[in-house]
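What follows is calculated from the coordinates using simple rules that are stated; it is not laboratory data. In this text the structure is predicted, and so the values were computed from the model without any measurement. Quick reminder, even Gly has a Cβ in these numbers, built from the backbone with ideal geometry, and neighbours come from all protein chains shown.
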Amino acid sequence: MTTTYPFEADSVDDALTAVGTPAVRIDGLDKISGAAQFVDDLDFGPDLLHGAVVESPHAYARIVSIDTSAAEAAPGVVKVITGEDFPYNFGMYMEDRYIFAQHHVRFVGEQVAGVIARTHRQAVRAAKLVEVEYEVLEPLLDPKEAVAEDAPLIHPNLGDYAHVPWFFPKADTNIAHWRKIRKGDTEKAFAEADYVLEDTYRVPRYAHCAIEPHVTVGKLDHAGRLTVWTASQSPHTQRHLFAEALAPLGFAHKDVRVITPYVGGGFGGKAGVSMEIIGAAMATAVKGHPVKLRFTREQEFYNTYQRQGVVAELKVGVMNNGTITAVEHKLYWDAGAYVEYGANVVNAAGLSATGPYRVPNISNDSLCVYTNLPPGGPYRGFGYSEFHFGLESHMDRIAEAIGMDPVDFRRKNAIVEGDELSYGGHMNPSGMIEAIDKTAAAIEWGVDEESKNPNTIMGKGVALFWKAPAMPPNASSASFLKFNEDGSVNVSVSGMELGQGYLTVMAQIAAEILGLPVEMVRVETPDTDRNPYEWQTVASHVTWSSGLAVEKAAIEARAKIFEVIHEVYGFEDETLYLEDQKVKCTTDPEFAKPLREFVIDGIQTDDGTWRGGPIIASGKFMPEFTNANSDPETGQGGHPNVHYTVGACGVLIEIDKETGRIWVRKAALAVDAGKAINPDLVKGQITGGLVQGLATVLYEDMRFDDDGRLMNPNFTDYKIPTSFDIPDEMIPIIVEVPQPDGPFGARGVGEHTMIAAAPVIANAVYNALGVRIKSMPITQEKIALAVTDRHHN
Amino acid sequence: MIAHEFAYERPTTLEEATRVLTEHSGSVRLLAGGTDLVAWLRDDAVAPDLVVDIKAIPGLDTIELDGDELHVGSLVTFTDLIESEVVAEHAPLLIEMAETVASPGIRNRATMVGNICSAVPSCDAGPVLMAYDTTVHLIGPGGARSVSIDDWFIGLRETACSDDEVVTHLTLALRPHGGVYVKLMRYGGEDLAQAAVGIVEYPGHEYRVAFGAVAPTPIRAHRIEEVLRGKPLGEEVIADAVALVRDEISPITDMRATAEYRARMCEVMLERGLAASHERLEGAGPAYGTRLI
């Protein structure tokens, strides 16, 4: 290990009382009782106005003129706004997105104008009256066509966009970012390899399908304060982007406030800023009135973020003994019309496109390509699910070609602690081998299963996964902690409860340090005015990063408690400890001072005066060992990733040989959580991630027509699994090889659990039928036709 | 949200309903369960000037056995069918079909008659009602009339019902039988049929076969019925029937499936479906409601 960690948890594992327990989630009662409020539940009174969006019907067109007069004259209309009113661009990592289209529209559904009216119906009716004249242009819908030398430019001013220093846009092309990794000598390695396999894999776009669509309410009050209520994973980042994008209107960050109540699922789709900028802009146009913009399910599909599609060209070389010697991975991402967030997906994938293997010679090219499709962006897995499909399919094929068992092949090459990473850093401690072995055992790898049904056949598959949080090198978390009169605690953080159990885990960490039952800790959803900074709830990093901030705040509070005890009773700090809501002392077994007696009011001394006072504390965490600076041509030199989480997945499936229908009879997934702060919640992540991942490979299929229009922005034709479509049996396996810098050794697991689902099905289908499907999704139709084709050939 | 305006009438008798329909000159839509209509209104797929809600008309929501006939009123929902003991005993295929329609919430509202009035190619009720020798009964300005289900579907979303008529009920001719409704769906949850087949075998080796979602309307497979007529089912007879599938259907490629997959699956569904209906006729086979694919 070359990485040094600045901070290590101080608790002793076997003494834990809150961490590591399946504590009941603290948002549970809110949600099952209906007390939990979501943005659309909030009451804004009779002054509330409603917004509707005028959308582009074209994938690529020049705006010739916009006539808003008929809409402005329509009943109930208060204001109609267009790009002329907001000539600003913005973006998370690259400022290439516009509040309203400026001169051009670049995807079907892009916002061209906004109508604000007394009622939602009036706004929708008036939006139909806005007349936009377009000069229709030929859209680019395929990333391979868009990177061709003579392709028309979707963003002619790409060279002018501000962006983070680790992006390398190629001006006068459609390549918004090109992440390169060059390590060793791949040419020589391929020449010397005993076997080289080269192929192309295709992954389409996907939608997040959170149960709650995006909704934003903005209000600019008469004193100039802008408050925005959002369904968001990123309240502070939203505040920052609103303040930056709307800075010409005179906002300072202190004047912008984002309040984010409970969120009905995110999966990455509610990270950053997408439609929320429209709602914020609308609010600035009607001072004094709150304005609600609530997306329909259709808009949710086509004008928030989509998971990007990718064409993956993969070449892997191995020796006959099974050693992988070289990987060349070219990823052409269909990043869509605006890549302000999606380009970092491309970056993350490029850094890690070898997968969880020890590879001495690497050549990765991850290209972020503009297309005239909806903006790509973050989605659970952040690029890793996409490239793992081809990579883990490829690993099975190579193992077969050299006559090795696929599990043995992976075991031999799996990355372990200290192995060199593609960018030159070293792998953190990880339990990959344990994960492989436990997964293989869970699905009885090596034991052939016979189907009792003559129409069906059984198959087994395995796949590995890894993922690192993709964050700016200085992404940070902070927390406030305060005691109440009864010894209960409020913890303030700005991570989001997305259903993953974040609030509960933060409560468990604070409870552990402070010797409290978890029920004595309240953690709530944030308000950027009152809660301390959190970068975003993305990247599977909040248990780790926000958890460290909470741990530090709790340690600080504990120190303050010990300080007042020391001052009044004279016990040395190192003899004191917290247990059962009391301060106790190792040298005086009789001493047990209840927290409730002094954490607000202090302790009265013999002379009648008081010591102490309200116990309050704060904590923050920033990964100070990370930097994103690297050579653009080789990717060497930096330390962009804080750590990787690894794991393995295995399935037993049954396939109808004629219809192609797949039943997942058993799915096992092992993930190295470092330390499961709450094992039940980790299991929830495993089962939820598995189901979501299986859906992307078995059912979901975003379909665009030749004009770039999404044909299935609905659940009639975009299928997400129901209770009939989940595996018969799911076996969650928690591996715990501690992360040295994690809170109690924890690292994130949220996204990782869906990454291996696609290739594991591809491999099991091959195992059952001998048919290799190289494009997602692997629908029953695709299987049935492939089987038929094989018989015909 | 429905953005455009329309007039709404809620007649309480059939006479009033036909009067409203006859007197109205613009475009009109009948509202029963509304599960298609409301979605179409929301999507601006239809824009009627008038919506006539027939739910307040008494007597249209009954299921009755009348000798050898089963009457199903036009307000009978799919849930009503599923929960009906009469249907379970005499026309169990209706339940097997109804259980594949959408989800419980939709089935609580959606009517079977509405399903054949919407007349989309994937309409689940179509193939089953064809297999059950169904008659559609209507009332209009000229009085009552009836139409065989075989003459009901005219084209894509087009039926024999004219703008001033209301369907009152269906009658199904009941005989001892075994049957299946096999529906190809993209997953285990609720879905529109990618392709479907309704099959009934009556004693004496008489068969009914009708397909859904592989033509502009549900279609009766007369040639297949003909080749099967009078013959006990065996591998060879079934193979002869399966060989005719591609002559009977005219599937298209769309977002839900390719024409080739639809055709191939119609063959598979017919093969498995014939075997299962025969077993059911003999009192064996998989219980009604068991998915065959």
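Summary value for chain B: 16 percent relative contact order, contacts being C-alpha pairs under 8 angstrom separated by 6+ residues. Residue exposure proxy: A:GLU736, A:GLU485, ordered by other Cβ atoms within 10 angstrom of their Cβ from fewest to most, comes out as A:GLU485, A:GLU736. Ordering A:CYS368, B:CYS123 by the number of other Cβ atoms within 10 Å of each residue's own Cβ, fewest first, gives B:CYS123, A:CYS368. The residue among B:ALA276, B:ALA257, B:ILE199 whose Cα reaches farthest toward the positive pole of the charge dipole of the range B:178-281, with charges on the beta-carbon of Lys, Arg, Asp and Glu, is B:ALA257. Annotation: amide H of A:ARG257 within the under-5 Å range of A:LEU226, A:THR227, A:VAL228, sequence separation 5 or more or interchain, hydrogens built in the peptide plane. Helical runs (DSSP H, four residues minimum) scored at -39500 (n - 2.57) apiece and divided by the length of chain A put the mean residue ellipticity at 222 nm at -7500 deg cm²/dmol. Projecting the Cα atoms of A:ASN474, A:THR456, A:GLY76 onto the dipole axis of chain A, where Lys and Arg carry +1 and Asp and Glu carry -1 at the beta carbon, places A:GLY76 farthest toward the positive end. Label the range A:720-773 by shape, choosing from rounded, prolate and oblate, from the square roots a ≥ b ≥ c of the eigenvalues of the Cα gyration tensor; if a/c is under 1.5 it is rounded, and otherwise prolate applies when a/b is larger than b/c, oblate when it is not. In terms of gyration-tensor shape, prolate. Qualifying GluC sites (Glu not before Pro) in the range A:66-127, where qualification requires a DSSP coil assignment and no more than 12 other C-beta atoms within 10 Å, comprise A:GLU84.
With a ≥ b ≥ c taken as the square roots of the eigenvalues of the C-alpha gyration tensor of chain A, please select rounded if a/c is under 1.5 and otherwise prolate if a/b is larger than b/c or oblate if it is not? Oblate. Please work out, to two decimal places, the log10 of the ratio I(q)/I(0) at q = 0.15, 0.19 Å⁻¹ from a Debye calculation in which every Cα of the range B:63-173 carries one identical scatterer. Relative scattering, expressed as log10 I(q)/I(0), comes to -0.59, -0.96. Charge dipole of chain A (Cα centre as origin; +1 on each Lys and Arg Cβ, -1 on each Asp and Glu Cβ, all else neutral): 1180 debye, rounded to the nearest 20. For the residues of A:110-116, the average number of beta carbons from a partner chain within 10 Å of their own beta carbon is 0. The Cα atoms of the range A:475-621 define a convex hull whose projected area, averaged across directions, is 8.9 nm². Taken about its Cα centre, the range B:7-53 carries a charge dipole of roughly 40 debye when the Cβ of each Lys and Arg holds +1 and the Cβ of each Asp and Glu holds -1.
Summing Lys and Arg as +1 and Asp and Glu as -1 over all other residues whose Cβ lies under 13 Å from the Cβ of A:SER385 gives a net charge of 0. The value of relative contact order for the range B:7-53, using C-alpha pairs under 8 Å at least six residues apart, is 58 percent. Note on the range B:178-281: with charges restricted to the Cβ of Lys and Arg (+1) and Asp and Glu (-1), its dipole about the Cα centre is near 240 debye. Listing A:ASP334, A:ASP172 from fewest to most neighbouring C-beta atoms within 10 Å gives A:ASP172, A:ASP334. Neighbours of A:ALA252, meaning other residues whose beta-carbon lies under 12 angstrom from its beta-carbon, give a summed charge of +2 when Lys and Arg score +1 and Asp and Glu score -1.
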